[in-house]
1. Scan the range 34-48 and tell me whether some residue there is surrounded by 10 or more Cβ atoms within 10 Å (Cβ to Cβ), more than 11 Å from the chain's Cα centre (by Cα) and either of a type in the set (Gly, Ala, Ser) or part of a loop (DSSP other than H, G, I, E, B) (or both).
2. If you scan the range 20-33, which residues turn out to be more than 15 Å from VAL68 (Cβ to Cβ), exposed (fewer than 13 other Cβ atoms within 10 Å of the Cβ) and touching a helix residue (DSSP H, G or I) at 6+ places or on another chain (Cβ under 8 Å)?
3. Mind checking which pairs have a first residue in the range 1-23 that is in a loop (DSSP other than H, G, I, E, B) and a second that is among the hydroxyl-bearing types (Ser, Thr, Tyr) and modelled with pLDDT of 95 or more, Cβ under 6 Å, 6 or more apart or different chains?
Amino acid sequence: MDIRDLQQDDETFDLVIDKSTMDALLCGDQSFLNVAIMTKEIQRVLKTNGIYLIISYGAPENRIVHLVNIKLTLG
């Protein structure tokens, strides 16, 4: 399934685990746009107070920029 177009209902998941998906998208064309679309989809399918867990090779300061404009709790 394409992370930018999830075939799931809104507020389906309590937890979304990203194991280097953001890293992979940041290596491709239109990387910032694709990550923005991905995070919007993740936000849509997460339940209220759901958790988005990111496992990334990138430094936190290089990933946080992609998360500051979405309404997710960062831990």
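The values are calculated or read from the model by the stated rules, or taken from the named source; none is laboratory data. Quick caveat, the model's predicted, so the values are computed rather than measured. Virtual Cβ from ideal backbone geometry, glycine too; neighbours counted across all protein chains shown.
1. no
2. GLY28
3. Once the first residue is in a loop (DSSP other than H, G, I, E, B) and sits in the range 1-23, its partners that are among the hydroxyl-bearing types (Ser, Thr, Tyr) and modelled with pLDDT of 95 or more give ILE3/THR21.
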